[in-house]
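Right, one structure below, let's go through it.
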Number of protein chains: 2
Amino acid sequence: MKVKKDMMSGEDIRNAGLKVTLPRVKILGVLEQLEHGHVSAEDLYKLLLDAGEEIGLATIYRVLTQFESAGLVTRHHFEGGQSVFELDRGDHHDHIVCIRCGKVEEFFDQTIEDRQQEIATSKGFAVEAHALTIYGYCKDPKCKGS
Amino acid sequence: MKVKKDMMSGEDIRNAGLKVTLPRVKILGVLEQLEHGHVSAEDLYKLLLDAGEEIGLATIYRVLTQFESAGLVTRHHFEGGQSVFELDRGDHHDHIVCIRCGKVEEFFDQTIEDRQQEIATSKGFAVEAHALTIYGYCKDPKCKGS
DNA sequence: AGCCGAATGCAAAAGCTTCTCATTTGTTGC
DNA sequence: GCAACAAATGAGAAGCTTTTGCATTCGGCT
């Protein structure tokens, strides 16, 4: 059973069969301190620059992809064309995104999870993953209404 | 209440406030005859070529975007980077995609729909849309298992 | 400390999608 | 029907995000 983790470290990188390099440690560090938890590769690049770390965008993409394969990070395809990444702390959840301000909130609902499994099974599919994203306007006065 | 439509026509284009041009009619026609119902812009371009219609890719993107605004077509962001389009016949549904062969099946589940609405409301969001896609291996022997 | 393969940075390239603009095509009124 | 005008199209250029090639650098192990 997976346990929710609060801290990631070089250990996690090593366990993924990757060398513990400075870029990888810094990227993991930034992902960990994110307030909202969701960033594009570009955003991550800028955050690292702000933190004084000059890490090439290509490296960021490479590392994020490796982290994804290792299960350290999850990649989402929200509307808008670019991929958004999030640290995988072991607790699966879905998303609700404000289409005005872009805010992302998370939720988990066992009823939905169960129904998905049932539906897949009834169609002969073996579920590997799923992506559920609700789009709407959040409660912020600036976003509310249309 | 929306009604499921089997046929689209020039009327639908006109009602969207668009001129009834040859490219638009042809695109709508191909979308209508699709077996699986889901195509990328590129696929659509090739299908039209096969049908002897030389319609530029740029036009296809433009028209699909207009159709989307008009509610004639729905755009999905499945994994893989490119957008996939589908004729909107008025019946909302979600998708289950085989990650081996790419087959797409549709489903609708009122329980899930209701739960989504409840979750959004509890978080102060006004739902505008949602995207639920289950990824897995379909029952085809070539895809089954991992 | 030194070696070797892995990792990085940069720039170039590759996909997908959008934009620009000259040309063509619907539509509307006569 | 036909002229007139705006809207739509096609072709290529441009824009973005993401990936790749290659020389250089770095981390891990002896």
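The aspartates and glutamates whose alpha-carbon is closer than 18 Å to the alpha-carbon of A:Lys144, local same-chain residues fewer than 8 away aside, are A:Glu105, B:Glu118, B:Glu128. Pairs exceeding a 22 Å alpha-carbon distance, out of B:Lys4/B:Lys123; B:Lys103/B:Lys142; B:Lys46/B:Lys103; B:Lys5/B:Lys139; A:Lys5/A:Lys139: B:Lys4/B:Lys123; B:Lys5/B:Lys139; A:Lys5/A:Lys139. Using a Gaussian network model of chain B in which every pair of alpha carbons under 10 angstrom is joined by a spring, one finds that among B:Gln117, B:Gln33, B:Gln66 the greatest mean-square fluctuation is at B:Gln117.
Excluding same-chain neighbours fewer than eight residues apart, the aspartates and glutamates reachable from B:Lys19 by a Cα-Cα span under 17 Å are B:Glu11, B:Glu68. Here B:Pro23 yields copy-to-copy label distances, from shortest upward, of 4.1 nm, the label point defined as 7 Å from Cα along Cα to C-beta.
Taken over the protein assembly as shown, the percentage of Cα pairs per 10 Å bin, counting from 0 up to the bin with the maximum distance, is 5, 23, 30, 26, 12, 3, 0.
Per residue, what accessible area does the range B:1-90 have, given a 1.4 Å probe and all protein chains present, in Å²?
Ligands and nucleic acids excluded, the result is 59 Å² per residue.
By accessible area, using a 1.4 Å probe on protein heavy atoms only, the range A:92-146 has 50% of its surface on carbon and sulfur. Heavy atoms of chains A and B lose about 3000 Å² of accessible surface on contact, summed over both sides with a 1.4 Å probe. When chain A is treated as a GNM with alpha-carbon contacts under 10 Å, the residue of A:Gly124, A:Gly52, A:Gly90 showing the greatest mean-square fluctuation is A:Gly124.
Here the range A:1-90 is treated with +1 on each Lys and Arg Cβ and -1 on each Asp and Glu Cβ, and its dipole about the Cα centre works out to around 420 debye.
Comparing B:His76, B:Val39, B:Ala58 along the charge dipole axis of the range B:32-88, the residue lying farthest to the positive side is B:Ala58, per the Cβ-charge model. Per-residue shielding of B:109-120, expressed as the average number of other chain Cβ atoms within 10 Å of the residue Cβ, stands at 5.
The values are calculated or read from the model by the stated rules, or taken from the named source; none is laboratory data. On a predicted model such as this, the values are computed, not experimentally measured, just so you know. Cβ sites come from the backbone with ideal geometry, for glycine too, and all protein chains shown count toward neighbours. To get the accessible areas, we keep the full protein, side chains included, count just its heavy atoms, and leave off ligands, DNA and RNA. Shrake-Rupley method; radii C 1.70, N 1.55, O 1.52, S 1.80 Å.
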